[in-house]
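What follows is a short report on a single structure.
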Amino acid sequence: MKRIAFFIYGVICYAATVGSLLYTAGFLANIGVPKSIDSAPTAPLMTAILINVGLLGVFAVQHSVMARQGFKRMWTKIVPKEIERSTYCLFSAAALSLLMWKWSPLGGVIWEAENPALRYGLMGVSLVGWVILYYSSFLINHFDLFGLRHVWLQLRGKPYTPVKFREPTLYRFVRHPLYVGMLMAVWATPTMTVAHLFFGIGVLGYILVGIQFEERDLISEHGTSYAEYRRRVPMLVPKMKSQKAA
């Protein structure tokens with residue numbers, strides 16, 4: 001019975017995580033959601049800024065701290081190891097949902113692409129970013145990343161085995177294509193408002209800081225193989241191959 005309960009819990013957490021990411025796409029694109037990133041302001045500017053800083057901080061701290069090995073060792077004394085990853089995803093979905101629910105729009109337009117071709121082009125780049133984000137997760141084992149593999153293995157009575165370090169397709173060009181996709185999805189917008197820029201800077205800052213902690217754990221887990229990979233492959237921006245002189 002416990003195995004079935006854990007599996008159902010894992011599926012619910014997975015659905016909540018994917019649902020929050022899909023909602024985020026609409027939130028950033030101002031499409032299909034009751035309140036988006038660029039809805040009409042409802043609070044004084046400084047109050048809105050403080051609210052949004054707090055919301056971004058909650059998401060960043062939760063997303064980073066709960067992913068660290070030290071926290072996991074403490075956390076799994078309370079939460080069973082089989083559902084630790086699913087619980088992390090559920091908390092991440094909750095933090096992201098809180099951010100969008102309580103987000104305080106700022107108003108003001110920094111730039112706006114008036115040319116239809118440019119507008120659709122930027123929207124297309126953002127869509128490609130979301131595709132890269134999801135595609136990258138499948139390259140490194142999407143279901144392990146979102147906790148489903150953990151609960152599926154325990155349902156079958158099999159021990160969990162960590163995913164081996166590999167360098168599939170996009171990971172040969174940058175170490176974090178998932179984050180590259182996220183940045184493309186956030187920053188490629190035909191209308192850059194103050195709120196959108198504020199959100200984008202927050203996401204960029206979180207990624208740059210979070211990568212340092214994440215890679216420290218990856219080196220600890222995979223040793224010299226990841227250290228060598230880190231030395232050889234750029235973090236977010238692919239290297240431009242130099243042209244040989246004719």
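Only the coordinates and a few stated rules stand behind these numbers; no lab work does. None of these values were measured; they are calculated from a predicted model. Every residue, glycine among them, receives a Cβ derived from its backbone with ideal geometry; neighbour counts consider all protein chains shown.
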Connecting C-alpha atoms closer than 10 Å in a GNM of the chain, tell me which of Ser126, Ser225, Ser137 has the biggest fluctuation.
Ser225
Once R0 is set to 35 Å, what does the formula 1/(1 + (r/R0)^6) return for the Cβ-Cβ distance between Thr169 and Thr47, expressed as a FRET efficiency to the nearest 0.05?
0.15
About the Cα centre, charge dipole magnitude for segment 2-232 (Lys/Arg +1, Asp/Glu -1 at Cβ), debye
1000
For segment 32-147, size of Cβ-based charge dipole, Lys and Arg +1, Asp and Glu -1, in debye:
520
D_trans [Stokes-Einstein, Kirkwood Rh over alpha-carbon pairs] for segment 8-110, 4 °C, 1.567 mPa s, µm² s⁻¹
86
Compute a Gaussian network model of the chain, connecting alpha carbons closer than 10 Å, and tell me which residue from Ser220, Ser136, Ser20 fluctuates the most.
Ser220
Can you compute the modelled spin-label distance between Ile201 and Arg73, with each label point 7 Å from Cα toward Cβ, in nm?
3.8
Considering only Pro80, Pro41, Pro116, give the residue with the highest GNM mean-square fluctuation for the chain, with springs between Cα atoms whenever their separation is below 10 Å.
Pro116
Return the calculated 222 nm mean residue ellipticity for the chain, to the nearest 500 deg cm²/dmol, obtained by summing -39500 (n - 2.57) across DSSP H runs with n ≥ 4 and dividing by the residue count.
-21500 deg cm²/dmol
Given an 8 Å cut-off on Cα distances and at least 6 residues of separation, report the relative contact order of the chain as a percent.
26
Once Lys and Arg get +1 and Asp and Glu get -1 on their Cβ, which of Ser20, Asn30, Thr224 lies farthest toward the positive end of the dipole of segment 2-232?
Thr224
Distance from the Cα centre of segment 148-182 to that of segment 56-107, in angstrom?
19
Name the residue from Ser126, Asn115, His176 whose Cα lies farthest towards the positive end of the charge dipole of the chain, charges +1 on Cβ of Lys and Arg and -1 on Cβ of Asp and Glu.
His176
Hey, can you list the DSSP H helices of the chain whose Cα span along the axis is 20 Å or longer and whose average Kyte-Doolittle score is at least 1.0?
2-29, 45-65, 116-139
Environment charge at Ile8 (Cβ cut-off 13 Å; Lys +1, Arg +1, Asp -1, Glu -1):
+1
Report the normalised scattering of segment 58-118 as log10 I(q)/I(0) at q = 0.20, 0.21, 0.22 Å⁻¹, calculated by the Debye formula with identical scatterers on the alpha carbons.
-0.80, -0.84, -0.89
Distance in nm between pseudo-label sites at Asp217 and Arg231 (7 Å out along the Cβ direction from Cα)
2.5
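Within the chain, which is the longest segment containing none of the trypsin sites (Lys or Arg not before Pro) that sit in a DSSP loop and have at most 14 other Cβ atoms within 10 Å?
That would be 78-155.
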Inter-part distance where segment 200-215 and segment 126-144 are each reduced to a Cα centre, Å:
18
Lysine pairs, Cα distance under 30 Å, 8 or more residues apart or cross-chain: how many in the chain?
16
Cut-off is 10 Å between beta-carbons; in what order do Tyr206, Tyr88 appear when sorted fewest neighbours first?
Tyr206, Tyr88
